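Participant: Handing you a structure now.
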Amino acid sequence: MKGWLSIPVALAVLAMAAGLPAAEVKAIAGTPKRPGYAIHDHAEGEHKFRLVIPDNLPVVRGILVVGPYSGGDSRDYHQQAWYREFLNLHGFAFLGATNYYLHDYAVMQKALKSLAETTKHPELVNAPYAATGFSAGGGYTRKLMHADPDRVIAGVVVGSTMKLPGQLTDDHRRVPMCVINGDLDRAPGEAGGMANALTPVLAEHRPKGARWSWMAVQNVGHEFAGQEVLSLPILDAAVRLRYPADGDVRKGPVKLKHLTLESGWVADNTTWKSGLTAIAPADKFKGDMAKSSWLLNEDIAFIYRAYATHDAPLKITSPGRDAARDATQDAGSAVTIKVDDSKFAGWTNLALYDGAKKVAELTTGPATFTVKDLKAGYHAFSVLGTDDKGYVRPSNPALVVVR
């Protein structure tokens, strides 16, 4: 079964039927074509899986595993632009599921073995995983890391915890993991919420070198709230940093690169409510390691800071929170970033960042930026504003996906 019909070809046919000149028809037909996708469904008892592979992909280098919440169905999440483009950027397949609530890793392995035969992609049994999911899907992400740390490139747990049974080893702690919760994610009347479950885990494992991070996003409960603004840049960066240049899944499991602690950045979890979350290169961090978050690089640290800081007075209003879920930009195009500065009226400077790279700056209003010539990939924009007293405050991050 194929997805994403060729839109340019369809438009060209309509254009010819409408009697447009040949030159205009040719221009329409020559528009960049979105890749198609082969969809393969498989059932293991009550558990249903969907593997999605981009057309003409000779080798599946890895698998983006997106777990469903309890009672949910993640099989069609590949239709969301921010997940779909991950496959094109990295030569990965997508795996979603339903009726799959924290089940044994062996069930997924068995499904992939069968799918490797039916798709004629035997390398699927060797492919490493980039994993994420909400609630129970987040729970499965951490379980996948626990079951097979050598195969997990990175994991982002959304709306869940890092509760793991038994003893953990350095192999587990070397896997980059991020937990994104909401500060309102708790049972009625419960004090502390997810912090009660996360704080002791980080306190134990961060001083032992765990490449793990956590945040509680302000005014978010147990819900989908555009957490992909951080989760997908993390998974994207992890693939680029950990997948070896000579890795070949056709020859066997890929030996992922280990990232040194010193290569990353660290955020101070005690500063979320300080006005600007503190971040620093790992070798320069001076805070309490037990209350810190390890981050892959400076780009991720900048996105984390914008997302983790509470009461940010600047707000990016366009693109909106879910804009990158619904649409992508073409490479070479431009994007306009609009900022609500009404709660930071005394600003003297606004700097726009793409990850950690400053791409534009304003000293007078209106608070609107235009970024041109976008390159393919994930662009997480945020603003740092300085007021007339010298205080520096952030905006929320906003994600743009370019193909």
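Participant: Among 337-344, 147-154, how do they line up from the highest to the lowest mean number of other beta-carbon atoms within 10 Å?
Facilitator: In decreasing order of mean packing, 337-344, 147-154 become 147-154, 337-344.
Participant: Also, quick follow-up: Is the shape of the chain best called rounded, prolate or oblate, per the rule: a/c under 1.5 gives rounded, else a/b larger than b/c gives prolate, else oblate, with a ≥ b ≥ c the square roots of the Cα gyration tensor eigenvalues?
Facilitator: Oblate, since a/c reaches 1.5 and b/c is not below a/b.
Participant: Rounded if a/c is under 1.5, else prolate if a/b beats b/c, else oblate: with a ≥ b ≥ c from the C-alpha gyration tensor eigenvalues square-rooted, which is segment 333-376?
Facilitator: In terms of gyration-tensor shape, prolate.
Participant: What is segment 313-402 by shape, rounded, prolate or oblate, if you read a ≥ b ≥ c off the alpha carbon gyration tensor as root eigenvalues and call it rounded for a/c under 1.5, prolate for a/b larger than b/c, and oblate otherwise?
Facilitator: Prolate, because a/c is 1.5 or more and a/b exceeds b/c.
Participant: Moving on. With both bridge residues required to lie in the chain, what share of the DSSP beta bridges run antiparallel, to the nearest 5%?
Facilitator: If we restrict to bridges inside the chain, about 65 percent are antiparallel.
Participant: Run the helix sum for the chain: -39,500 (n - 2.57) per DSSP H stretch of 4+ residues, divided by residue count, reported at 222 nm to the nearest 500 deg cm²/dmol.
Facilitator: That calculation yields -7500 deg cm²/dmol at 222 nm.
Participant: What percent do you get for the relative contact order of the chain when only Cα pairs under 8 Å and 6+ apart count?
Facilitator: Relative contact order of the chain: 12 percent.
Participant: Percent of Cα-Cα pairs more than 13 Å apart in segment 299-366, please.
Facilitator: Taking all Cα-Cα pairs of segment 299-366, the fraction more than 13 Å apart is 74 percent.
Participant: Counting only Cα, what are the radius of gyration and maximum Cα-Cα distance Dmax of segment 205-247, in Å?
Facilitator: Over segment 205-247's Cα set, Rg and Dmax evaluate to 14.3, 44 Å.
Participant: Sticking with the crude label model, points 7 Å out along Cα→Cβ, report the distance from residue 251 to residue 56 in nm, one decimal please.
Facilitator: Modelled inter-label distance: 2.7 nm.
Participant: Over 24 Å between Cα atoms: which of 255/375; 208/286; 284/315; 208/358 fall into that group?
Facilitator: Result: 255/375; 284/315; 208/358 exceed 24 Å.
Participant: Under the Karplus relation 6.51 cos²θ - 1.76 cosθ + 1.60, θ = phi - 60°, what is the ordered set of whole-Hz ³J(HN,Hα) values for segment 389-397, x standing for Gly and Pro?
Facilitator: Result, ordered by residue: 9, x, 6, 10, 9, x, 9, 5, x Hz.
The numbers here are math on the coordinates, done by the rules we state, and not lab data. Predicted, not measured: the structure shown is a model, and the values here were computed from it. Virtual Cβ from ideal backbone geometry, glycine too; neighbours counted across all protein chains shown.
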